[in-house]
Each structure stands twice: as structure tokens, then as C-alpha cells.
Amino acid sequence: MRKSLLLIILVAAFAAGTGITAAASPLETLMGLTMGEEATVPIIMYHVLEDTPDNVWEITFEEFEADLKYLAENGFTTVIMQDLIDFVHHGKRLPEKPIVLSFDDGRSPTAQIILPLLEKYNAKITMAIIGVETDRYTEIEKQGSTSRHPHMTWDEVVAVHNTGLVEIQCHTYDLHGPNGAKKNKGESEEAYRERLLTDLHKFSEKLQEYIGITSNTLVYPLGAISSTSDDIIKEAGYLASLSCHEKNNIIVVGNPDSLYSLRRYLRPPHKSSGEFFARLSDNKMMNE
Ligand SMILES: [Zn+2]
């Protein structure tokens, strides 16, 4: 916290204690944090844990464990999207060096094999699932799945959610194609809005039906986005969205817009945790 802000809060606290009415601005606070207070939050993007990674979307179990170890040893605390939302909307304090570990696509057995690691390192992740794939694999499961990295079934999604270590979020119901959630060429703005809202509504219905929760963050498939996408998802009740641009995030207490199109760093294989996270530090990603 900046010293000047701390001073203002202390003066306000003193004033409150003595019954003196403090001036309205800039002493407005949300649960003790001053409006406008900022936090820097790096977000990491993972997909699949695999013994022999052969593309940028896969890393090994050992590499992921090394990441968790590195973060713990370097004073980071993993947080989930709900924590960022609580900071911005309710002024709820974040830990000193917060970081979000996001997993895209909801693959099995990745979702299950990381659970003991999350317990061991007291970590949490945010996992974005694709509704239509979860539906499809729930059906396929009945015949026996042969896919290398199948998507989770709804039973599996419920099971990982119930551990309290995995926050389930939306990767759209069925917009994981090459164009993602972007407006199609030649599509009218109104048709696009209808299409996106219908897709998100379907996802919400499924999540309510199977888990009884609401998703508050949209993870844009492939990071594909149009200029009006964030406005449309706000209409659908989404409080945050994640892109694939690799840059830092500064979120602001009392500024809900600071939670949209947040940037993420893709964690590639064959790199030590020190090497990977040093790169974020070079970009002044750390809260220091
Ligand atoms: Zn994806």
C-alpha cells in the first residue's frame, strides 16, 4: 500500500473514532481498502499435464509441481477469480503476492492428478470448461472413452469442484471453434449479441443443473474477442474475462472494468520454473 493512502486511512480511522466526520473523498473505502487502490496480479495459463509434452499446451507433472514449489518459496499465494472480484467489488484484501493459475478446457485426467499437488502446496486453480464437450464426454463415458486427454464428464466436474481447490469457470458452451467467441465476418452486431448471449445462457443452465453454481468469469477460447464482447458478457452477468495476451494486470478497487480481458502468460514445457517466472518479473509482473 502506498504510504499516502495508508496515512489517509489512518486519519479516517482516527476521525471515525473521535466522531469527526471525514470528508467524502478520497476517504471512500470498501471494507477498509481505499477506492482506487491497485493490485498487480499475474495470471498463468495451463492446459494439460502430459508425460511427454510435444506442444506448447502441455507440460509435465514435475514441471507443474516445480511451479507450485517455486511460487510457495518465493512468497506467492494462489488466488482464484472470485478473490479478484471480491477485491474490486468489495475491497476484500488480497494476499501480498497474488497469482492466478488458470487451466483451460477441463481435461481429464489432468484435473484429477493435480489435486494431490494442490493439497500439498495449499494452492487453488481456476479451471474453464467447455459445456458442449462436458456434455459429449458425459455421453461417451458410457461407452468407454479412448481419447488421450478426454474432457471431464459432469460427474468429474462436480467432484473436482467439491474439493474446494478448483474454481469452475466458463470457456463458453459451444464457441471453442477457430473463431472463438468473436463476431463472425458479415454478422450483424445484434445477431452476434444474440448468439453469444444464447451460448452463455446455455452454459449457465448446465452449470446450475449439475453443480448449482453460477460462473462469473468467461475465459475467451483462443483469446478471440471483438470490441463489443466484454459489453455483451457484462449483460449476461459476467464480472470478469480472461484473454491470451501476455502482459501484466492491474486491478483496481471500485473499478469493475479493470476485471475484463485480463492478460495471461502461457506456461510452455521444457523450461524450469525459475526461467519461466523470471520472465514475468522482467515485465514487472510481481507485486514488489
Ligand atoms: Zn481452450
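At a glance:
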item: Sorted peptide list for 52-60, 101-109, criterion being average Cβ within 10 angstrom, highest first; result: 101-109, 52-60
item: Pair Ala278, Ala191: separation of 7 Å Cα→Cβ label points (nm); result: 5.2 nm
item: Prolate/oblate/rounded label for the stretch 22-114 (Cα gyration tensor, a/c 1.5); result: prolate
item: Principal semi-axes in Å for the stretch 210-253 [√(5λ), Cα gyration tensor, largest first]; result: 19, 14, 12
item: Residue-span extension gain [Leu115 to Arg136] - 0.36 nm each, minus C-alpha spacing; result: 5.2 nm
item: Per-residue [θ]222 nm for the chain (sum of -39500 (n - 2.57) over DSSP H runs n ≥ 4, rounded to 500); result: -11000 deg cm²/dmol
item: Unsatisfied cross-links (Cα-Cα over 25 Å) in the set Lys69/Lys234; Lys182/Lys271; Lys124/Lys271; Lys120/Lys202; Lys234/Lys271; Lys182/Lys206; result: Lys69/Lys234; Lys182/Lys271; Lys120/Lys202; Lys234/Lys271
item: Net charge of Cβ neighbours under 12 Å - reference Asp51; Lys, Arg +1; Asp, Glu -1; result: -4
item: Estimated distance in nm for a label pair at Asn248 and Gln208, the labels positioned 7 Å out from Cα along Cα-to-Cβ; result: 4.0 nm
item: Sorted by Cβ density within 10 Å, fewest first, the residues Cys170, Cys244; result: Cys244, Cys170
item: 15 Å beta-carbon shell around Lys92, net charge (K/R +1, D/E -1); result: -4
item: Calculated P(r) tail over 34 Å for the chain, as whole % of Cα pairs; result: 24 percent
item: Under-5 Å amide H pairs with Ala224, H placed in peptide plane, nonlocal only; result: Ala181
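Values quoted throughout were computed directly from the atomic coordinates according to the rules given, and no laboratory measurement underlies them. Since the structure is predicted, the reported quantities are computational estimates derived from the model, not experimental observations. All Cβ positions, even for glycine, are placed from backbone atoms using ideal geometry, and neighbour counts span all protein chains on display.
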